[in-house]
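A.B. asks: Let me begin by handing over the structure; questions about it come next.
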Amino acid sequence: MTSDVRDILDTLGRYALRYVRPQMTIGLGTGRAASAFINALGHSLLAVHGIPTSKGSEDLARSLGIEVASLSDLARIDIDFDGADEVDPHLNLIKGAGGALVREKIVAASSKRFFVLVTEDKLVKKLGARGIVPVEVVPFGAPLAARQISALGLKSKLRQHEGADFVSDNGNLILDCAVKGISNPARLDRDLRSIPGVVGTGIFVGFATAALVATKSGAIRMMKPR
Ligand code: A5P
C-alpha cells in the first residue's frame, strides 16, 4: 500500500468516527479500510464494544485497548464498518479478498446499520467487474463444490497463501470463482449457497446502509443505495 493510499484510508477511518457514539456496539470489519477505522476508533478513546470479523481485527482492536465482545455477549450491533472489493450503485458488494467473508456477513446481518468504507476505485457499474467472487467451503466438500461451481459455468481456484491452501478463521477453504460481470447477484449468491459444503459467498446483496467513498483528492462522500 502506498503512503498516499494509507493517508486516504486514515482520513476515511477518522471520518467514520462521526457515526460512533459512546457505549455503542460496533462491528469491526477486516482489511485495510476497516483497519484504518479500528485505528481511529482506538485512538479516539471512545468507550465502545467492538465485535471483530476476524482474528486479525480482534488482535488489532485489543492492541488499541478497544473492548472486544462476541455475538453471544451482545447480539445486536449498532453499526458495522467494513471495506469491500466492489460496490455497485445499489450498494451490493463483493467482499472476501481478505478471507473474512463469512464472519463479515454474520456481523453485517447482526447490525442495525452497515457502512462500507472504500476508495472510489472500488465503485463498479456491475458487480463482478474485478473478476472474482470468493466462496468459503468446508474442506471435506471442496472437490464437490468446485465441480458444482463449474456446472454453474464458473471456473474456480483454491486460494493459496504462502505456498499452502489458505485457511479461513473458521478452518475452511476459499474457492475464488472467476466471473465477468454478474447480471443477477442475488441469484448467483443463492445458487452458490445451495451447493453442499458451501458456507458462504462474498456477494452481499441488500446489506449496506451507506458507503463512505474516499476520492484521490481526499474528499469523502456518502453514497446511498440507488
Ligand atoms: C476481507 O475479507 C474483505 O472483505 C475486505 O473487507 C475487503 O477485501 C476490502 O479490503 P481492503 O479495505 O483492504 O481493500
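The values are calculated or read from the model by the stated rules, or taken from the named source; none is laboratory data. As the structure is a computational prediction, the values presented were derived from the model and not from experiment. Cβ: placed from backbone, ideal geometry, glycine included. Neighbour counts: every protein chain shown.
A.B. asks: State yes or no: is D121 more than 30 Å from M24 (Cα to Cα) and over 20 Å from the mean Cα position of the chain (by Cα)?
C.D. replies: When the stated conditions are applied, D121 does not pass them.
A.B. asks: Determine, yes or no, whether V135 is of a type in the set (V, I, T) and either under 21 Å from I203 (Cβ atoms) or modelled with pLDDT under 95 (or both).
C.D. replies: For V135, the condition - of a type in the set (V, I, T) and either under 21 Å from I203 (Cβ atoms) or modelled with pLDDT under 95 (or both) - is met.
A.B. asks: Return the residues of segment 80-110 that are β-branched (V, I, T) and in contact with a helix residue (DSSP H, G or I) (Cβ under 6 Å, 6 or more places away or on another chain); say none if nothing qualifies.
C.D. replies: V87
A.B. asks: For E104, indicate whether it is more than 21 Å from D7 (Cα to Cα), under 16 Å from the mean Cα position of the chain (by Cα) and of a type outside the set (F, W, Y).
C.D. replies: Considered against the rule, which asks whether it is more than 21 Å from D7 (Cα to Cα), under 16 Å from the mean Cα position of the chain (by Cα) and of a type outside the set (F, W, Y), E104 comes out as yes.
A.B. asks: Collect the residues in segment 45-65 that are over 17 Å from the mean Cα position of the chain (by Cα) and closer than 20 Å to V116 by Cβ, keeping them in residue-number order.
C.D. replies: Residue satisfying the conditions is V48 alone.
A.B. asks: Here is a further query. Would a scan of segment 68-75 turn up a residue that is touching a residue at least 40 places away in the same chain (Cβ under 8 Å), outside any helix (DSSP H, G or I), within 16 Å of F204 (Cβ to Cβ) and in the same structural domain as T209 (by TED's automatic domain parsing)?
C.D. replies: no
A.B. asks: I'd like to verify a number: residues in segment 41-76 that are buried (at least 16 other Cβ atoms within 10 Å of the Cβ), within 16 Å of the ligand (Cβ to nearest atom) and not acidic (D, E), how many?
C.D. replies: Residues that pass the stated criteria total 10.
A.B. asks: Which ones in segment 201-226 are part of a strand (DSSP E or B) and at positive phi?
C.D. replies: None - no residue of segment 201-226 is part of a strand (DSSP E or B) and at positive phi, so the list stays empty.
A.B. asks: Name the residue that is farthest from the ligand (Cβ to nearest atom), counting only residues in segment 15-35 that are crowded, with 16+ Cβ neighbours inside 10 Å, of a type outside the set (A, V, I, L, M) and closer than 15 Å to A69 by Cβ.
C.D. replies: Here the residue is T25.
A.B. asks: Hey, another quick one. Yes or no: segment 200-218 includes at least one residue that is at pLDDT below 95, among the small types (G, A, S) and touching a Ser or Thr at 6+ places or on another chain (Cβ under 9 Å).
C.D. replies: Yes, segment 200-218 contains a residue that is at pLDDT below 95, among the small types (G, A, S) and touching a Ser or Thr at 6+ places or on another chain (Cβ under 9 Å).
A.B. asks: Among the numbered criteria (1) over 18 Å from G98 (Cα atoms); (2) more than 10 Å from the ligand (Cβ to nearest atom); (3) not polar (S, T, N, Q), which single criterion is violated by L12?
C.D. replies: (2)
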